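Asker: Below you'll find the structure I mean.
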């Protein structure tokens, strides 16, 4: 039996582009859930954000200009909801001292060599020949290492290296200066590398 689609099931906007909200769950729920879970690593929160995304999209159907398809538009809404979660997790008073000082770098770097100290020399992770994003075991360890970072560091690192967000947007969304951004990224990388070498290699 064929499903009948009523006029109320199809929503038009000012540009005349038609949306089909009655099909969103069937078409996009799984994709959006994977997107959210991959960034938050929390099943319940991912489900909640997908529901919030559908509700927000229903309220904003008039804003859909048709420049992209429905899935891309819904993903963009979800992306900003994920950023909101990052912001809430990292809503810590930003004080310059919390990022450490240049003197702390002596623990890892040899100023004379202008490079890593021998005991902290980067080791191969064993996934260099394949794309590590497709290596589930490696990604599991990486997720655990990310969780050990301070919330602000984790949020900034995820936005920069997993979301490919531009620096200016990250600084604005997370309310940090450009100088703090680079210190956070550097320290997050050093800590992640150390954690991965202990837990993966």
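The values are calculated or read from the model by the stated rules, or taken from the named source; none is laboratory data. The model shown is predicted, which means the values in this text are computed figures rather than measured ones. Because the Cβ atoms are built from the backbone with ideal geometry, glycine has one as well, and the counts that use them run over all protein chains shown.
Asker: Within the range 188-201, restricting attention to residues that are within 26 Å of residue 81 (Cα to Cα) and in contact with a helix residue (DSSP H, G or I) (Cβ under 7 Å, 6 or more places away or on another chain), which residue is surrounded by the most Cβ atoms within 10 Å (Cβ to Cβ)?
Answerer: Looking at residues that are within 26 Å of residue 81 (Cα to Cα) and in contact with a helix residue (DSSP H, G or I) (Cβ under 7 Å, 6 or more places away or on another chain), I get 188.
Asker: In the range 164-189, how many are assigned to a helix (DSSP H, G or I) and either without any contact (Cβ under 8 Å) to a residue 24 or more places away in the chain or assigned by TED's automatic domain parsing to the domain that holds residue 35 (or both)? Steps first, answer last, please.
Answerer: First, the residues of the range 164-189 that are assigned to a helix (DSSP H, G or I): 167-174, 178-189.
Narrowing the set further to residues that are either without any contact (Cβ under 8 Å) to a residue 24 or more places away in the chain or assigned by TED's automatic domain parsing to the domain that holds residue 35 (or both) leaves 167-172, 178-179, 182, 186.
Total satisfying the criteria: 10.
Asker: Further question: Could you list, in sequence order, all residues of the range 58-81 that are assigned to a helix (DSSP H, G or I) and more than 15 Å from residue 33 (Cβ to Cβ)?
Answerer: Result: 58, 59, 61, 62, 63, 70, 72, 73, 76, 80.
Asker: Any residue at all in the range 33-42 that's modelled with pLDDT of 90 or more, farther than 22 Å from residue 197 by Cα, surrounded by fewer than 13 Cβ atoms within 10 Å (Cβ to Cβ) and over 21 Å from the mean Cα position of the chain (by Cα)?
Answerer: no
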